[in-house]
Amino acid sequence: MITARSVIHSMARFYPASGAKRGQPPGTLAVHPAAPGAPPVRVQLFGFGPEDLREEPSVAFDEAAAAVGEAPVTWINIDGVHDADLLRRAGERFGLHPLTIEDIAHVGQRPRYEDTDGYLFVVLHMLRYETDTGLVTAEQISLVVGRGFVLSFQEREGDVFGVIRDRLRLDKGRGRRGGADYLAYALMDAIVDQYFTVLERLGESLANLEEEVVTRPAPAALQELHRLKRELIFLRKSVWPLRECIGGLHRSDSPLLERATSVYLRDLYDHTMHVIDTVETFRDMVSGMLDIYLSSVSNRMNEVMKLLTVIATIFIPLTFLAGVYGMNFDHMPELHWRWGYFGTLGVMLAIGLGMLAWFRRRHWL
């Protein structure tokens, strides 16, 4: 069952508060301030073709923008979206719509793609699994695909594109022979591949927790189940809209997408569906484990109540005998028997053992 608290918690992680944006007209550039101690915006340049490669780990944006057209494909990666002046210059240099710049700066957008005049705009969420906390974190990645160039905007440094950079440096695969559309596909594919890594870590947590829920159900296991349910809701919000995004790109007739790239986008769409199926399977597993936990706790309580009921049932006749001989009337002949005390204890013991044997025979114990 999805609770309101888990949905609100997930929304808060996706859509950070931005008081500066409220009440502003559409297209107003309201950037999130950088976190204290955060590094300045870094611009990375890759210009490549089948025969050459230019790599600049850190370069001024104007220099990177001027490099567009010098090589068949230019990739400009920008780490940090809190520099409003840089975003405005990017919009002016590449003819980006003010709403596109606004969506890049105002992180927390829903994954989607837009086919505008002169470029394609794609929004995705790059996920990470934090080993220390067990939480899944999301970072918005915005891609602008134009004729011979790709702009990628990240919230902060650190990404899953290292394998793409290595392919370009080592000239492996189709990387340096494909166009800007193939580079955009490769970036999206790296992001989706990271989803499988996150799902693998969540699957390990689910497997370990399942054994604990079945054998040793405890309140800590229940808290862990609720945490995993929140993480899966969070993951689903990233993956589910991505299906429409990739499917729309695959069906697009934009001249910026070559026919050869359409085959790769279809394969990426299949990967996305696989991720969605896995997320839904994990959600069903969590729901089933919650039922197992409640059943296990209920069964343990029933076992305890059953044992207490058996003990109480055995002591009912013994309490009756003790009550009768505790009345101390003068005309009770058993009070004066020499062996009356021991005889009464023997009868009580026989009754108790007889009832235990009968309970075992009935498989109540």
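The values are calculated or read from the model by the stated rules, or taken from the named source; none is laboratory data. Treat the numbers as computed from the prediction; the structure is a model and nothing was measured. Every residue, glycine among them, receives a Cβ derived from its backbone with ideal geometry; neighbour counts consider all protein chains shown.
So is V145 among the β-branched types (V, I, T), surrounded by fewer than 21 Cβ atoms within 10 Å (Cβ to Cβ), in the same structural domain as A260 (by TED's automatic domain parsing) and in contact with a strand residue (DSSP E or B) (Cβ under 9 Å, 6 or more places away or on another chain) or not?
no
One residue is enough: does the stretch 68-87 have a residue meeting the conditions in contact with a Pro (Cβ under 7 Å, 6 or more places away or on another chain), over 14 Å from F153 (Cα atoms), in contact (Cβ under 8 Å) with a residue 40 or more places away in the chain and not acidic (D, E)?
Among the residues of the stretch 68-87, not one is in contact with a Pro (Cβ under 7 Å, 6 or more places away or on another chain), over 14 Å from F153 (Cα atoms), in contact (Cβ under 8 Å) with a residue 40 or more places away in the chain and not acidic (D, E), which makes the answer no.
For the stretch 130-137, indicate whether the set of residues that are at pLDDT below 90 and part of a strand (DSSP E or B) is non-empty.
Within the stretch 130-137 (the criterion being at pLDDT below 90 and part of a strand (DSSP E or B)), the answer is yes, since at least one residue qualifies.
Checking the condition touching an Asp or Glu at 6+ places or on another chain (Cβ under 9 Å), of a type in the set (S, T, Y) and part of a helix (DSSP H, G or I), which residue from Y269, Y264 passes?
Being touching an Asp or Glu at 6+ places or on another chain (Cβ under 9 Å), of a type in the set (S, T, Y) and part of a helix (DSSP H, G or I) holds for just one of Y269, Y264, which is Y264.
State which residue pairs qualify: first residue within 14 Å of I141 (Cα to Cα) and inside the stretch 179-191, second residue among the aromatic types (F, W, Y) in any location, beta carbons under 7 Å apart, and separation of 6 or more residues or different chains.
Filtered contacts from the stretch 179-191: Y185/Y264; L187/F161; A190/F161.
With (1) under 24 Å from P255 (Cα atoms); (2) outside any helix (DSSP H, G or I) as the list, and A65 as the residue in question, which single condition is left unmet?
(2)
Go through the residues of the stretch 324-346 one by one and say whether even a single one is part of a helix (DSSP H, G or I) and in contact (Cβ under 8 Å) with a residue 24 or more places away in the chain.
No, the stretch 324-346 has no match at all.
Checking V107 against (1) part of a loop (DSSP other than H, G, I, E, B); (2) under 21 Å from A138 (Cα atoms); (3) in contact with a helix residue (DSSP H, G or I) (Cβ under 8 Å, 6 or more places away or on another chain), which single condition isn't satisfied?
Just one mismatch for V107, condition (3).
Just checking, which of D52, D62 is at pLDDT below 90 and farther than 17 Å from R147 by Cβ?
Being at pLDDT below 90 and farther than 17 Å from R147 by Cβ holds for just one of D52, D62, which is D52.
Test L290 against the criterion of being among the hydrophobic types (A, V, I, L, M, F, W, C), out of contact with any strand residue (DSSP E or B) (no Cβ under 7 Å at 6 or more places or on another chain), surrounded by 16 or more Cβ atoms within 10 Å (Cβ to Cβ) and assigned by TED's automatic domain parsing to the domain that holds L127, and give yes or no.
yes
Within the stretch 216-266, which residues are closer than 23 Å to R110 by Cα, surrounded by fewer than 16 Cβ atoms within 10 Å (Cβ to Cβ) and acidic (D, E)?
Within the stretch 216-266, E244, D253 meet the criteria.
Consider E102 carefully, then state whether it is assigned by TED's automatic domain parsing to the domain that holds R201, in a helix (DSSP H, G or I) and out of contact with any Lys or Arg (no Cβ under 6 Å at 6 or more places or on another chain).
When the stated conditions are applied, E102 passes them.
Quick one: which residue in L99, L168, L87 is within 28 Å of R251 (Cα to Cα) and modelled with pLDDT of 90 or more?
After ruling out the rest, the residue left standing is L99.
Determine if the stretch 153-170 includes at least one residue that is within 23 Å of L202 (Cβ to Cβ), in a helix (DSSP H, G or I) and in contact with a helix residue (DSSP H, G or I) (Cβ under 9 Å, 6 or more places away or on another chain).
Yes, the stretch 153-170 contains a residue that is within 23 Å of L202 (Cβ to Cβ), in a helix (DSSP H, G or I) and in contact with a helix residue (DSSP H, G or I) (Cβ under 9 Å, 6 or more places away or on another chain).
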